[in-house]
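Read the structure below first, then the notes.
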Number of protein chains: 2
Amino acid sequence: MTLKLHCFGESGHSYKAALTLELGPLDWEPVHVDFFNGVARSAEFRSGVNEMGEAPVLVDGETHISQSGVIQSYLTEKTGKFGGETPEEDREILRWILWDNHKLSSNTGVLRFMMNFLSPQHRSDDVIAFLTGRQKAALQILETHLTQRDWMVGRSVTNADLTCCGYLFYEEPFGFTRADWPAIDRWLNRIADLPGWKHPYDLMRPAYPDKA
Amino acid sequence: MTLKLHCFGESGHSYKAALTLELGPLDWEPVHVDFFNGVARSAEFRSGVNEMGEAPVLVDGETHISQSGVIQSYLTEKTGKFGGETPEEDREILRWILWDNHKLSSNTGVLRFMMNFLSPQHRSDDVIAFLTGRQKAALQILETHLTQRDWMVGRSVTNADLTCCGYLFYEEPFGFTRADWPAIDRWLNRIADLPGWKHPYDLMRPAYPDKA
């Protein structure tokens, strides 16, 4: 049965799930979420798809799963790929998934939203500066970690890589320039060289009016 | 062997781990992190304890584990408590752990820090308003979820409860008044009624100079 992913192109959290599906490779198709018209926050979406009002949501028959990190773990159970080789590696992968959701993709996602998709009168320079500082601190931890290793955990690509890269392939400006972070830059090239890799906008249709 | 937890009283992320240890009950002791003097971000802490520069960190012999959600999962393997009764419940618990770290405790922790522990000249009204809005959206999801159930997942207390309550027992002002959220208020009372429950400052020494 074809897996369905409620998602939209601008969502790096959706991209983590979409990329994990695509690299599986698993039989899947995107279900477009009209995010900028408020669909994810609607009562219908909350009651029928996800009470958290968020994308992505994976639908596998009767099973609905949200939060990209849970979707990634579920897909690893299906494919046997992108998990650790030992219990220690599994814990380390979960550690980076949590860190990414707490410190990297969270701040980067909101910052990129504010700088590109929010109307200028709702932007705050103070909030952008605050989020930029938090993003920079997270990127420095990622850069340091990747300076002496090819992949986040173990000897090959895992869900730790596929979560941390969630927002880092987008070209819209959000205070991240690959040339400033050489270890991250090389690691992103390694991910993009994986067989079957695709850019977020090639996996999921954008929802922002100018791009859709 | 006594488990050690690098932690400090003001850290709700530390509290999630400390409370899971205490309710286990497991033989553990806190190792005080002098957070407000920058210890967690020092080169020594990063190289010797946690490259992420954060508390809590659990030390179990040679094993070091950071990120409260990973510590909680590790302790559940030890005690057999606070996990799900089925694989579906396990996924649901992980979903709320990720959501809490991404949407609730993350915003609440920073907001509380800004409003109580940051010198006034570094505070920004715009950032406080931004974080307050994000906290309110997360609290509304929690309130709705708890309106028709006693515990976050399944029939009794799990790690999903012990993560989401991380910052909600603190008395310092951070835009959360229990009376405004009746379902959350009743649920916090249920948690506080668990045998062995303790307030964060009774489990871990505060690090802020006025409180230490």
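The values are calculated or read from the model by the stated rules, or taken from the named source; none is laboratory data. Bear in mind that the values here come from a model prediction, so they are computed numbers and not experimental data. Neighbour counts run over all protein chains shown; Cβ positions are idealised from the backbone, glycine included.
Details
- Qualifying residue in region A:39-50 (condition: away from every other protein chain (no Cβ under 13 Å) and in contact (Cβ under 8 Å) with a residue 40 or more places away in the chain): yes
- Count - residues of region B:172-212 that are without any contact (Cβ under 8 Å) to a residue 40 or more places away in the chain, touching a helix residue (DSSP H, G or I) at 6+ places or on another chain (Cβ under 8 Å) and acidic (Asp, Glu): 1
- A:Ser156 satisfies every condition listed in (1) under 23 Å from A:Leu75 (Cα atoms); (2) crowded, with 21+ Cβ neighbours inside 10 Å except (2).
- Residue within region A:81-89 that is of a type in the set (Asp, Glu), crowded, with 16+ Cβ neighbours inside 10 Å and touching a strand residue (DSSP E or B) at 6+ places or on another chain (Cβ under 8 Å) present: no
- Leading residue by the ranking (nearest to B:Cys165 (Cα to Cα)) among those in region B:78-114 that are acidic (Asp, Glu), more than 9 Å from chain A (Cβ to nearest Cβ) and assigned to a helix (DSSP H, G or I): B:Asp100
- Scanning region B:145-169 for residues that are among the charged types (D, E, K, R) and either touching a Leu at 6+ places or on another chain (Cβ under 8 Å) or more than 12 Å from chain A (Cβ to nearest Cβ) (or both) yields B:Asp150, B:Arg155, B:Asp161.
- With respect to the conditions (1) within 21 Å of B:Ile97 (Cα to Cα); (2) buried (at least 23 other Cβ atoms within 10 Å of the Cβ), A:Leu21 falls short on a single one, namely (1).
- Taken over region A:90-137, the criterion of being acidic (Asp, Glu) and surrounded by fewer than 19 Cβ atoms within 10 Å (Cβ to Cβ) is satisfied by A:Asp125, A:Asp126.
- Residues satisfying the stated conditions in region A:133-155, i.e. more than 18 Å from the chain's Cα centre (by Cα) and under 26 Å from B:Leu131 (Cβ atoms): A:Gly133, A:Ala137, A:Gln140
- Residue selected from region B:188-198 under the condition of a type outside the set (Lys, Arg) and over 24 Å from A:His102 (Cα atoms), by the criterion surrounded by the most Cβ atoms within 10 Å (Cβ to Cβ): B:Ile191
- Identity of the residue in region B:184-212, modelled with pLDDT of 95 or more and among the acidic types (Asp, Glu), that ends up nearest to B:Ser119 (Cα to Cα): B:Asp202
- Residue within region A:172-195 that is closer than 24 Å to A:Glu89 by Cα, small (Gly, Ala, Ser) and touching a Phe, Trp or Tyr at 6+ places or on another chain (Cβ under 7 Å) present: no
- Matching entry among A:Leu111, A:Leu162 (being over 20 Å from A:Leu5 (Cβ atoms) and not assigned by TED's automatic domain parsing to the domain that holds A:Gly24): A:Leu111
- Region A:57-71 residues that are facing chain B (nearest Cβ under 10 Å) and within 12 Å of A:Lys4 (Cβ to Cβ), paired with ones that are part of a strand (DSSP E or B) and hydrophobic (A, V, I, L, M, F, W, C) (beta carbon under 6 Å, 6 or more apart): A:Ile65/A:Leu58; A:Ile71/A:Leu58; A:Ile71/A:Ile65
- Residue match in region A:165-183 (condition: at pLDDT 95 or above, surrounded by 13 or more Cβ atoms within 10 Å (Cβ to Cβ), under 16 Å from the mean Cα position of the chain (by Cα) and in a helix (DSSP H, G or I)): no
- Residues satisfying the criterion are present in region B:151-163 (criterion: of a type in the set (Gly, Ala, Ser), assigned to a helix (DSSP H, G or I) and under 20 Å from B:Asn101 (Cβ atoms)).
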